[in-house]
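A.B. asks: Got a structure here, written out as structure tokens. Questions coming.
The values are calculated or read from the model by the stated rules, or taken from the named source; none is laboratory data. All figures in this text were calculated on a predicted structure; none of them were measured in a lab. Every residue, glycine as well, gets a Cβ built from its backbone with ideal geometry; the counts of neighbours run over all protein chains shown.
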Amino acid sequence: MRSERIRPGLPKLSATEYNVRTEDDVMPSTLKAPRSRRLNLRTSAQQEKLMRRGAQERGESLTDFIVRSACAEAEQTLADQRRFSLDADQWNAFVAALDRPAQAKPRLRRLLSEPSVLEQQHS
């Protein structure tokens, strides 16, 4: 398997699932699911005050604020990973995507050739 050549000597890792956001998906699916689990947190008085102020500023309950903030941080942490585990089929699909010839994107080419909003203001 090609992935083993890239990671010689490392244990084989199982495939991992990730949440993917789309333009239409304003909130990750993890926040839309019914809540059936309880977490207990210990904070300092300053941390609690800060979180309450942040929640109030956003017009959210403290629970919603904490859950949303923690999920956003977790998603960012997972997205920043440098190593992803792929099974053989996923690896082959990934390599095939990398090997495909680049496609011309005329609208992107036009966008990048036009002056930016900041450049237009200085003209």
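A.B. asks: Out of the range 56-66, which residues are part of a helix (DSSP H, G or I) and among the hydroxyl-bearing types (Ser, Thr, Tyr)? Steps first, answer last, please.
C.D. replies: Filtering the range 56-66 for residues part of a helix (DSSP H, G or I) gives 56-58, 62-66.
Matches in the range 56-66: Thr63 only.
A.B. asks: Still on this model: Quick one: in the range 30-66, which of the residues that are surrounded by 11 or more Cβ atoms within 10 Å (Cβ to Cβ) and among the polar types (S, T, N, Q) is modelled with the lowest pLDDT?
C.D. replies: Ranking the candidates gives Thr30 first.
A.B. asks: Identify the residue in the range 67-120 that is among the acidic types (Asp, Glu) and part of a helix (DSSP H, G or I) and, among all such residues, is modelled with the lowest pLDDT. Give the derivation first.
C.D. replies: Going residue by residue through the range 67-120, those that are among the acidic types (Asp, Glu) are 73, 75, 80, 87, 89, 99, 114, 119.
Filter again for part of a helix (DSSP H, G or I), leaving 73, 75, 89, 99, 119.
On the way: Glu73: 94, Glu75: 90, Asp89: 92, Asp99: 95, Glu119: 82.
It comes out as Glu119.
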